[in-house]
Amino acid sequence: MRRSRVAAIGAVTLSLVLTSAACGGGSSGSEGSNDKPKTLTYWASNQGASLEVDKKVLQPELDKFEKETGIKVKLEVVPWSDLLNRILTATTSGQGPDVLNIGNTWSASLQATGALLPWDAKNFEAIGGKDRFVDSALGSTGVQGQDPAAVPLYSMAYALYYNKKMFADAGIEKPPATWAEMAEIGKKLSKDGKWALGAEGSNLSNNIHQVFVLGKQHGADFFTPDGKPDFTSDGAVAAVKQYVDLMAKDKIIAPGNAEYAQNQSLSDFAKDKTAMVLWQTASATFKAQGMKDDEWGVAPAPVQSGTPGEGTSTNSMVAGINLAVFKNTKNIDGAKKFVKFLTSDEEQKVLNTAYGSIPPVKSAQEDPAFNTPALAVLRDTLATSASALPQVPEESQFETVVGTAVKELFADAAAGRAVTTESVRAKLEKAQQQMPAS
């Protein structure tokens, strides 16, 4: 997932949704009384620098689809802070769109509601076949062993972006490759009102992305192999403490970042206030903030030691956006035509170029536009050192409760309160107790 991903729903609410599969989701937005109305509604996620940017990117493509098929698409770009909550409401009320974007980490949770169209072999055939998509993207489309609940649309990975001017001014020649180097370099950069690293301390999903990766580096998964929450293992506690300690102990993240949740760290980066950010496919956002391509660099996100790879050398989650269809849409054929259109080679090139992301469609990746130095780092990360978040029905609750625990710990750090192994474990224990019983 990308940008301000706040899993804005509580565990109790989602637990109720998961027991309401019979209510389903669906479309009230399809117009007409016939079986195949000529209008589809589409909820797009905020991928650009603003909702208006997304409308400018998407509307010409939707007009192209209407010209080709006669089907009009009503577009609404939904902020990440609202998206999950609105989707969950739609699954219970039946008042939702025909087609929608979802963060790929939500796939299993939304699959469990029973509201989304399963992408079985027949449905995949209608959009050109499952084998068109890269395996890493398909790995975040639902519970393993079940038909996917969604289709990959944009692929992303985390990387370390650094401000070349701030590095040069501090006499630093290269970005940190390990967390020890991060702390060392960070102290040189954090002075005179400027800071080394940006964070979105109040963004629940971003918190999850960071501590999940650190958890992998400490040998923790946050869930047991049979899908039960395991938030208080030594590795999970160490991961959360290490992340919050970048503010609390190392003091290389500004205390004010504890309140950030709407991409403010990217704005600070573009304004030479922060030297580094850990982010997904940020190039388009930097350009929108007024930065030139030669003003920033990109490197793999740090690991504990050595070089990025699998297991404890994981340095990114498999990030991305999926396309889903509410299965009680009044125009299932039209919805599948729209999915086929958005995942066609041509549209994959147009949309992923606009957003600085990577096509999950194999043939579209071959376009030279996706072989830039910046995207090469992301592609290599996805291919060699990224892991998918747990594809379990409780993933959304995990984002909410553990993301909130990290948010509260950042608030402690910003206020000067001690962040200890014991206080971290206590927050994670509270989070685990908030998860629904199996």
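Look through the range 250-267, keep the residues that are in contact with a Lys or Arg (Cβ under 9 Å, 6 or more places away or on another chain) and modelled with pLDDT of 95 or more, and return whichever of them is farthest from LYS187 (Cα to Cα). Taking the candidates together, the pick is ALA258.
How about the range 85-121: which of its residues are open to solvent by less than 10 Å² (accessible area, probe 1.4 Å) and part of a loop (DSSP other than H, G, I, E, B)? Once the filter is applied, which keeps residues that are open to solvent by less than 10 Å² (accessible area, probe 1.4 Å) and part of a loop (DSSP other than H, G, I, E, B), the range 85-121 yields PRO97, ASP98, THR113, ALA115, TRP119. Taking the range 126-173, which residues are under 30 Å from LEU189 (Cα atoms), in contact (Cβ under 8 Å) with a residue 24 or more places away in the chain and surrounded by fewer than 22 Cβ atoms within 10 Å (Cβ to Cβ)? Across the range 126-173, the qualifying residues are LEU160, LYS164, LYS165, MET166, PHE167, ALA170. Checked against (1) in contact with a helix residue (DSSP H, G or I) (Cβ under 7 Å, 6 or more places away or on another chain); (2) closer than 30 Å to ASP82 by Cα; (3) part of a helix (DSSP H, G or I); (4) open to solvent by 40 Å² or more (accessible area, probe 1.4 Å), PRO393 passes all but condition (3).
Within the range 65-84, the set of residues being touching a residue at least 40 places away in the same chain (Cβ under 8 Å), of a type outside the set (Ser, Thr, Tyr) and either assigned to a helix (DSSP H, G or I) or under 21 Å from ASP333 (Cα atoms) (or both) comprises PHE65, GLU68, ILE71, VAL73, LYS74, TRP80, ASP82, LEU83, LEU84. When THR329, THR312, THR307 are checked against the criterion of being within 19 Å of SER107 (Cα to Cα) and either assigned to a loop (DSSP other than H, G, I, E, B) or not small (Gly, Ala, Ser) (or both), a single residue qualifies: THR329. Among the residues of the range 204-236, the ones that are in contact with a Gly (Cβ under 7 Å, 6 or more places away or on another chain), β-branched (Val, Ile, Thr) and open to solvent by 40 Å² or more (accessible area, probe 1.4 Å) come to 0 in all. Looking only at the range 404-426, count every residue that is among the charged types (D, E, K, R) and over 22 Å from the mean Cα position of the chain (by Cα) and tell me the total. Residues that pass the stated criteria total 4.
The values are calculated or read from the model by the stated rules, or taken from the named source; none is laboratory data. Quantities reported herein were computed from a predicted structural model and do not represent experimental measurements. Note that each Cβ is placed from the backbone with ideal geometry, even for glycine, and that neighbours are counted across all protein chains shown. SASA here: full protein model, heavy atoms, side chains in, ligands and nucleic acids out. Shrake-Rupley method; radii C 1.70, N 1.55, O 1.52, S 1.80 Å.
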